[in-house]
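Report on the structure given below.
The values are calculated or read from the model by the stated rules, or taken from the named source; none is laboratory data. Everything numeric here is computed off the predicted structure, so don't read it as measured data. Heads up, the Cβs are rebuilt from the backbone with ideal geometry, glycines too, and the neighbour counts pull from every protein chain shown. Keep in mind that these areas ignore ligands, DNA and RNA; they rest on the heavy atoms of the full protein, side chains included. Shrake-Rupley method; radii C 1.70, N 1.55, O 1.52, S 1.80 Å.
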Amino acid sequence: MTTNTISAAHPRRALLSGWGRYPLSESDVYRPDKIAELQAVVTADSTSLIARGAGRAYGDAALNDHHRVVDLTRLNRMLSFDATTGLLRCEAGVTIAELIDVFLPRGFFPPVTPGTRFVTLGGSVAADVHGKNHHRDSSLASHVTNFDLMVASGEVLRCSREENSDLFWATVGGMGLTGVILELELRMRRVESAYLDGELIRAGNVDAAIEAFERIDAQYGYSVAWIDCNSTRSALGRSILNVGNFATLEQLPRNLAQDPLNTMPKLSPPVPLDFPVVNSLTVRAFNALNYAFHREKAAHTIFDWGSFFYPLDSIRNWPRIYGKRGFVQYQCVWPPDESRAGLIELLEEVTRSRRASFLAVLKKFGAQDGLISFPMPGYTLAIDFPVTDGLLEFLDTLDAMVLKRGGRVYLAKDARMSPETFRAMYPNLPKWQAAKAVADPGNRFSSSLSRRLRMTE
Ligand SMILES: Cc1cc2nc3c(=O)[nH]c(=O)nc-3n(C[C@H](O)[C@H](O)[C@H](O)COP(=O)(O)OP(=O)(O)OC[C@H]3O[C@@H](n4cnc5c(N)ncnc54)[C@H](O)[C@@H]3O)c2cc1C
């Protein structure tokens, strides 16, 4: 380990939250722009510290109430790229949006992307994010060959499947708790165009949605369903599936084929103020209109990459529609043989509760490696709930339903799960704890999430 000649820069005191704006917490925030500065912050004292990327985790994963937070967004240089292999090396503060800006015009796209491009790669590896192609391509970690991790001693360790492999597997999905990812190597996907050739499929209920996912599974690499969670009885779970593959030049109409890799996503004006428009009436109306808007017969469509992957990114500050109290996104997954029953049971509970939600999204997961990464084969549902009285107790009820079917809840979205539920949902926790204890014996890397869930106990 080298000795520090640079002292830790002065932190600023800040009130932070995740994307759901619940909970809020106050921390000392450091924003180093050199590795040596970061090292000084990590080793300056032994009090708790957690890395933060773009702050897009919904709950308390990148919060450290009354402790230290280190913002990695200035460590964002691209280091090397090999166009023959697609291998890119870059610092962890680079965002997926930046990757797309630089590499899509050259015919490369990130191999896995979450539903927003405004996330850092460090945060995406730490949450081991999944995209609409998990059933085909698994999570982000499958496309990361190695990364450099600064551990609590300030030492930097190269981690891969061959080198420090225990630490590699504890860090992907490990929510920043093994150290700070400094840089990583990622295999980008070659694409012929910036468009997707796909379909919009209307499904009348849960069974029709699952049948559609299974039917298109082999044909389409990307799939997602937007569920109307106000529908009931025989229409419970009616949804619009959005499926596609990157279009080849032959599949594009002539006007797009002339400039296949050039497209700018549109941004709408931001939501100006906290404007709580989400209530059971507006949500019911929105869901009904959205469903009716789509034709019954599947419509073949060419999508641009922005509207296919990131429909929410076009509305800046959209969490403001939930008002000042914020919202919680509940994302769970069930194993394959429990998915249908679990989905029906949970949607029935949600409709019965009349807890408004615009956004409910269903995806199919495939194979998954990792210790505490969220995905497992099966179906995953994500629903937004505005914070209202009784919400936390209601979500405990959902937890019990998911747990009894062998499912689990996603840490990158969580803000309220109990330590007992977490422990039961993540059976590989002891293996993860063993690797964490080797890299961070003093538990220097901890967060509001890790303390709430007692992840190291
Ligand atoms: C609109 C929207 C859609 C989303 N869709 C999806 C989706 O489809 N699939 C999915 O999987 N997720 C999804 N997410 C969640 C998001 O992808 C993850 O929460 C991701 O971790 C956010 O990255 P970030 O850079 O904002 O990290 P932050 O929110 O800042 O941090 C997240 C975690 O990463 C850790 N971390 C950050 N940087 C580093 C680093 N350099 N080294 C070590 N640890 C670090 C933090 O400590 C924290 O635990 C979505 C989020 C939003 C807002």
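Numbers at a glance
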| read-out | value |
| --- | --- |
| Lone unmet requirement of (1) within 11 Å of the ligand (Cβ to nearest atom); (2) more than 23 Å from Pro441 (Cβ to Cβ); (3) small (Gly, Ala, Ser); (4) open to solvent by less than 10 Å² (accessible area, probe 1.4 Å) for Gly179 | (2) |
| Scope region 103-147; condition aliphatic (A, V, I, L, M), under 17 Å from Glu183 (Cβ atoms) and near the ligand (Cβ under 9 Å from one of its atoms); matching residues | Val119, Leu121, Val125, Ala126, Leu140 |
| Restricting region 220-234 to residues that are open to solvent by 20 Å² or more (accessible area, probe 1.4 Å) and touching a residue at least 60 places away in the same chain (Cβ under 8 Å), the residue that is farthest from the ligand (Cβ to nearest atom) | Thr232 |
| Subset of region 210-247 [assigned to a helix (DSSP H, G or I) and hydrophobic (A, V, I, L, M, F, W, C)] | Ile210, Ala212, Phe213, Ile216, Ala235 |
| Region 131-151, residues that are open to solvent by 10 Å² or more (accessible area, probe 1.4 Å), in a loop (DSSP other than H, G, I, E, B) and out of contact with any strand residue (DSSP E or B) (no Cβ under 6 Å at 6 or more places or on another chain) | Ser138 |
| Top-ranked residue of region 45-79 - restricted to ones that are more than 9 Å from the ligand (Cβ to nearest atom) and basic (Lys, Arg), ranked as nearest to Asp28 (Cα to Cα) | Arg68 |
| Selection from region 6-48 of residues that are among the charged types (D, E, K, R), crowded, with 16+ Cβ neighbours inside 10 Å and not in a strand (DSSP E or B) | Arg21, Arg31, Glu37 |
| Strands (runs of 3 or more DSSP E) within region 156-209 that include 3 or more residues within 30 Å of Val243 (Cβ to Cβ) and not small (Gly, Ala, Ser) | 180-187, 195-203 |
| Residues satisfying the stated conditions in region 80-102, i.e. out of contact with any Pro (no Cβ under 8 Å at 6 or more places or on another chain) and either away from the ligand (no atom under 13 Å from the Cβ) or modelled with pLDDT under 95 (or both) | Ser80, Phe81, Asp82, Ala83, Thr84, Thr85, Gly86, Leu87, Leu88, Arg89, Asp101, Val102 |
| Output for region 378-388, where each listed residue is farther than 22 Å from Trp19 by Cβ and either of a type in the set (Phe, Trp, Tyr) or more than 16 Å from the ligand (Cβ to nearest atom) (or both) | Tyr379 |
| Residue within region 309-319 that is more than 16 Å from the ligand (Cβ to nearest atom) and open to solvent by 10 Å² or more (accessible area, probe 1.4 Å) present | no |
| Scope region 140-188; condition touching a residue at least 40 places away in the same chain (Cβ under 8 Å), out of contact with any Ser or Thr (no Cβ under 8 Å at 6 or more places or on another chain) and among the charged types (D, E, K, R); matching residues | Glu155, Asp166, Glu183 |
| Those residues of region 383-415 which are in contact (Cβ under 8 Å) with a residue 40 or more places away in the chain, in a loop (DSSP other than H, G, I, E, B) and closer than 18 Å to Gly323 by Cβ, in sequence order | Val387, Thr388, Ala415 |
| Unique match (being at negative phi, touching a His at 6+ places or on another chain (Cβ under 9 Å) and surrounded by fewer than 16 Cβ atoms within 10 Å (Cβ to Cβ)) among Asp197, Asp217, Asp259 | Asp217 |
